[in-house]
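Have a look at the structure below before the remarks.
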Amino acid sequence: MLLPLVWGSVSGTIKSLRPDLTVITPKNLMLFVWFNKLVIIPLEIIWIGNRIPVEHHLNQDISTEICITLVSFGTFVVGWTCFSKKKIHRLMIPLPFLNTWASVYFLVALISLSLLYGSFENYISGAIFTYVTREIVEQNATLLGLLANIGQRFWAFGVLLAWYKWRRKKGKLHGLRHILWLILCLAGILSSNRSNMVYPLLTLMSVMYGGWKTRHPFWLVLLLLILIALSLFFGYVRVQSSLDTEGITLLFHNYLEHDEYITYAHQLYFGSPYQITPLLSIENPSSTLLASILDPIPVIGKAVREQSGPYIYNLAYHQSLVSQDKVIPVAGELYYNGGYFLVALGYTAIGVVYRWLDYTFKHNVLINPPLAAAFFYLTMLFNATLLLSLSVLMQFLVYNAAPALLIIAANWSRIRKAS
């Protein structure tokens, strides 16, 4: 019960860590992640049991893992609260020529999708399936394939820019029209990778519903948990070879009957303390940070893959090289490389960066929605430091961040010229 008590103490005493009334903000998403890690998952472990297999590893009482989690959260809070707003630019000038920007983004995305999938029909029929995506990745392991993979991420921001241009002409849009824009966004981001679908949709919603507030956070958290359970069901769907109504119904019944999968996936994706356990059984730790950062980079990463955190972690987790499917938690890798000192240093920096992203988003969401959305999307990618690994963070930056970074660079370029 120590982790929930710490969460309650911190959230109850530090004003800057209380939820925003505005629903979709980087801060609220950050709090939701920590709430799962520090409250819901520990309570699950107490009431239901641990779902992360650790039978081959030492330190079964997880005292070290709990200490690592506490240090990571505590120093994240330090970084968050010590962030200074004094030197941040306060003027962000909206981009001109939005029609051109949107057209270019759509064109890049459409060309990329056609190159990757061969035709739009193949994309519509097969993009959500893991086996299709895997075959495409294997067949397009070239520079052109890399560029096409990066290019398909431009679709969601093309929709965002078109929506913003339309909103400026027509005024505020509500209800059904917002849903239509979200459907248009979803049409170009079908992917077997859930983050490539969820993150762009949340990004568009962050500016569409920039003024949406609630005074009933309990029901909102409950809704989010239900949506998470449904997104986990997508993991069942995407490993199929085809879809039909009867098949989906049977899959859903099977998913509900095997409720242990839901708790297992929840503990796995949001971060159980037990995830760190395999690292503690390694007798002679080696430095993995640089290799983990370089690992996702094409060509360069191949040379250092066997020294990276994901490789070392999966070897320890599975006791063999049978699979490389498990994600090494950032807190665990920092501890593995430098003990509690590196965990504290790393999560202090993560807290500072997260607060900066949150502040910049909020300052621009009403005056420059495309720029605010770009920062919100970067926050979604930066969530890898709380939910995933350093290698996944770098993978996101290489493959996903380009459309957001271009918008940010163009805005800052206009600021410099204006000053």
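Numbers below:
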read-out	value
Every pair of residues 6+ apart whose Cβ atoms lie under 8 Å, when the first sits in segment 356-376 and is more than 18 Å from PRO403 (Cα to Cα) while the second is polar (S, T, N, Q) and part of a helix (DSSP H, G or I)	ASP358/THR379
Flag if LEU366 is out of contact with any helix residue (DSSP H, G or I) (no Cβ under 6 Å at 6 or more places or on another chain) and over 22 Å from PHE157 (Cβ atoms)	no
Among residues of segment 318-331, those that are crowded, with 24+ Cβ neighbours inside 10 Å and part of a helix (DSSP H, G or I), counted	2
Qualifying position, being in a helix (DSSP H, G or I), in contact with a Phe, Trp or Tyr (Cβ under 8 Å, 6 or more places away or on another chain) and of a type outside the set (Gly, Ala, Ser), among LEU180, LEU202	LEU202
Residue list for segment 332-366, restricted to those being open to solvent by 30 Å² or more (accessible area, probe 1.4 Å), over 30 Å from ASN314 (Cβ atoms) and out of contact with any Cys (no Cβ under 8 Å at 6 or more places or on another chain)	ARG355, TRP356, TYR359, LYS362, HIS363, LEU366
Listing of helices (runs of 4 or more DSSP H) fully contained in segment 256-304 that carry 1 or more residues being of a type in the set (Ser, Thr, Tyr) and open to solvent by 50 Å² or more (accessible area, probe 1.4 Å)	259-270
Cβ-Cβ under 6 Å pairs, at least 6 apart or on other chains, segment 221-234 side assigned to a helix (DSSP H, G or I), far side surrounded by fewer than 14 Cβ atoms within 10 Å (Cβ to Cβ)	none
Pick from segment 34-62, criterion crowded, with 16+ Cβ neighbours inside 10 Å, more than 14 Å from TYR264 (Cα to Cα) and of a type in the set (A, V, I, L, M), ranking: modelled with the lowest pLDDT	ILE62
Residue in segment 333-348 that is touching a helix residue (DSSP H, G or I) at 6+ places or on another chain (Cβ under 7 Å), of a type in the set (Val, Ile, Thr) and over 17 Å from LEU31 (Cα atoms) present	yes
Selection from segment 7-32 of residues that are within 16 Å of VAL71 (Cα to Cα) and crowded, with 19+ Cβ neighbours inside 10 Å	TRP7
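Here is a yes/no grid of residues against (1) at pLDDT 85 or above; (2) part of a loop (DSSP other than H, G, I, E, B); (3) farther than 21 Å from SER16 by Cβ:
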residue	(1), (2), (3)
THR64	yes, no, yes
SER72	yes, no, no
THR75	yes, no, no
PRO96	no, yes, yes
TRP101	yes, no, yes
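The values are calculated or read from the model by the stated rules, or taken from the named source; none is laboratory data. These figures come from a predicted structure and were not determined experimentally. Virtual Cβ from ideal backbone geometry, glycine too; neighbours counted across all protein chains shown. Heavy atoms of the whole protein, side chains included, go into the accessibility calculation; ligands, DNA and RNA do not. Shrake-Rupley method; radii C 1.70, N 1.55, O 1.52, S 1.80 Å.
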